[in-house]
1. Nearest 0.05, what FRET efficiency do residue 81 and residue 220 give at R0 = 35 Å with Cβ-Cβ as r?
2. Ranked by Cβ crowding within 10 angstrom, fewest neighbours first, how are 79, 61 ordered?
3. At 7 Å along the Cα-to-beta-carbon direction for both residue 72 and residue 211, put a label point, then send me their distance in nm to one decimal.
4. Place a label point 7 angstrom from the Cα of residue 124 along the Cα-to-Cβ direction, then list the residues of segment 139-176 whose backbone nitrogen is under 15 Å away.
5. Could you check the simple spin-label distance between residue 105 and residue 179, using points 7 Å along Cα→Cβ, in nm with one decimal?
6. How much length, in nm to one decimal, is gained on full extension between residue 97 and residue 132, taken as 0.36 nm per residue of separation minus their Cα-Cα distance?
7. Rank the residues 173, 71, 98 as a footprinting-exposure proxy: fewest other Cβ atoms within 10 Å of their Cβ go first.
8. Projecting each Cα onto the charge dipole of segment 67-107 (Lys/Arg +1, Asp/Glu -1 at the beta carbon, about the Cα centre), which of 81, 96, 68 comes out farthest on the positive side?
Amino acid sequence: MLLHPTKREIKSNRFVQHLLNSVYGTLLALTVWPLNGSIAVPINKPSDVALEFIILHNNDMHARFEQTSKTSGKCTPEMANTDKCYGGFARVAYEVRTYRQQAKNGGPPVLYLNAGDTYTGTPWFTIFKDNITAAFLNKLKPDAISLGNHEFDENVEGLIPFLNKAEFPVLATNLDLRKVPELAATKSLHNSTVLLVKGVSIGVVGYLTPDTKFLTQPNEVEYFPEIESIK
């Protein structure tokens, strides 16, 4: 399973449907297909029984920690009172916790994944930077996230503190960090991770497009070709 950032707008009153359908925002190294509204992954068992689990996925929140207007601007009290505000981390947290509680009560297991680009976009990030980003994502407790190109908006120096505060795996398999050992040494950055779902190992890999080098501030991070790195 690969995590890679794409653009997707999340609407508040259809949030669950967007989350469940947004696997199209990722590339999956595992073969997956819909099964009764969730995701089934074939596993090698003599009985050939499919493992059913739910993937919740989002990306490109861009520091929209609060709910926003339809155009990602400020949500005014009037908009909020007429159900015209969208997104925000509180809605994400509610849905993730709801599905995880259902899983604890016997429902399908849940994986919550985030494909990056949480950095940059509102005054919250301009002022609090990695501190607020790590704090809010830690509250959501994702099973894994990948980096987006905007995570380099504050250069390597602005990314390292986030990676040391993150309490979840941050995945990027195609980074060449030989010239930036301080980034390689951060505690949460990994090429991939393995999540255990009902005794079945689910591999998750993150990557960044090599074009990231031209989309961010100049730095010493290099990028291996993503396909070869994933192999």
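Taken together, the values in this text are just the output of simple stated rules run on the coordinates, not laboratory data. Small disclaimer: the values here were computed from a predicted structure and weren't measured. Because the Cβ atoms are built from the backbone with ideal geometry, glycine has one as well, and the counts that use them run over all protein chains shown.
1. FRET efficiency, residue 81 to residue 220: 0.10.
2. By the 10 Å Cβ count, ascending, the order reads 79, 61.
3. Inter-label distance under the simple model: 1.6 nm.
4. Zone members listed by number: 139-141.
5. 5.4 nm
6. Numbers: separation 35, 0.36 × 35 = 12.60 nm, distance 2.02 nm.
Full extension of this stretch gives 10.6 nm more.
7. Going from sparsest to densest Cβ surroundings: 71, 98, 173.
8. 96
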